[in-house]
1. Quickly run through segment 60-83 and pick out the residues that are aliphatic (A, V, I, L, M), assigned to a loop (DSSP other than H, G, I, E, B) and surrounded by fewer than 18 Cβ atoms within 10 Å (Cβ to Cβ).
2. Does segment 134-168 hold any residues that are surrounded by 13 or more Cβ atoms within 10 Å (Cβ to Cβ), under 26 Å from the mean Cα position of the chain (by Cα) and charged (D, E, K, R), and which are they?
3. Select from segment 184-202 the residues that are of a type outside the set (Asp, Glu), farther than 18 Å from GLY60 by Cβ and either loosely packed, with under 13 Cβ neighbours inside 10 Å or at pLDDT 80 or above (or both) and list them in ascending order.
4. (1) more than 17 Å from LEU56 (Cα to Cα); (2) of a type in the set (Val, Ile, Thr); (3) touching a Cys at 6+ places or on another chain (Cβ under 9 Å): which one isn't true of ILE98, the others all being true?
5. I'd like the residue in segment 111-121 that is open to solvent by less than 50 Å² (accessible area, probe 1.4 Å) and of a type in the set (Ser, Thr, Tyr) and, out of all such residues, is farthest from PHE5 (Cα to Cα).
6. Any residue in segment 12-28 that is outside any loop (DSSP other than H, G, I, E, B), within 21 Å of ASN176 (Cα to Cα) and among the charged types (D, E, K, R)?
7. Mind listing whichever residues of segment 33-59 are free of Cβ contacts under 8 Å to residues at least 24 places away in the same chain and either open to solvent by less than 50 Å² (accessible area, probe 1.4 Å) or assigned to a loop (DSSP other than H, G, I, E, B) (or both)?
8. For segment 126-146, give me each residue that is in a loop (DSSP other than H, G, I, E, B) and either over 30 Å from MET1 (Cβ atoms) or of a type in the set (Val, Ile, Thr) (or both).
Amino acid sequence: MVQFFDSISDDHAEWIKKQKIFFVGTAPLDGRGTVNNSPKGYDCLRVLNPNQVCYLEMSGSGIETQSHLEENGRITIMLTAFEGGPRIMRLMGTGRVIRVDTPEFNTLMETQYKGSELAHASGKRAIILADVRKVSTSCGYGVPYFDYKGSRKTLIETWAKRDEDTVKKYWKTINNFSLDGLPGMRHELLGPEFVGINRGAGEEIVLPGEESWGTLLKTWVQASPAPANAAYLIAGAVIGGAVSHLYSRRR
């Protein structure tokens, strides 16, 4: 039976630590876009507090998670038991990208990943931080048993052979855009055309349909030519004044 929770309990956190693989689900806002689901291994997932987790992201051929998070922030992390008692867990919420070598990235590396198998690995690309709004657990009766034999060393060994310039070139070419054309890897290390602005701590994602009147007005003003804005505002004020005057006379 599925159960829902508002936060990650101590029992949940202890179980999460024991899992050897998890899956990250994201998608663009465009309904025709590509839904992405990425498997993650290594010792890279951390529970920071009851409503926040993060994982260390290594470079790879795709950049879907980063692209989707920058566009709309939606993320679900799923774990499932392949040994012991059956369980599937989903951590649902919003995420953001913490770029490599930024102060926030370095702090998390020091406090969360010191001594881990990825601490000194080459090819680190970002830390993905997720604010968890809802936790669900379900039976997982249909998930088969699998024996864990160890981490594949191929990814770590592959990036260990490449110098910093080669890694940057890979980001610029292979990680430049998502499959649907959304901006991909953005970092000042890559040059001025790749600077970009990643969302910072506390900066909330506003999805379509959730905008306040103030947000909509600000967006409209920024998108429209100045003369048109002035004309529309004056016309609106005149019409509003006339309606108010007629209403007051009727009373």
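1. Result: ALA81, single match.
2. Residues satisfying the conditions are LYS134, LYS168.
3. GLY191, PRO192, VAL195, ILE197, GLY200, ALA201, GLY202
4. (1)
5. Top of the filtered list is SER116.
6. No.
7. VAL35, LYS40
8. Listed by number, the list holds a single entry, VAL143.
The values are calculated or read from the model by the stated rules, or taken from the named source; none is laboratory data. Nothing here was measured: the structure is a model prediction, and the numbers come from that model. When we count neighbours, we look across all protein chains shown, and the Cβ atoms used for this are built from the backbone with ideal geometry, even at glycine. To get the accessible areas, we keep the full protein, side chains included, count just its heavy atoms, and leave off ligands, DNA and RNA. Shrake-Rupley method; radii C 1.70, N 1.55, O 1.52, S 1.80 Å.
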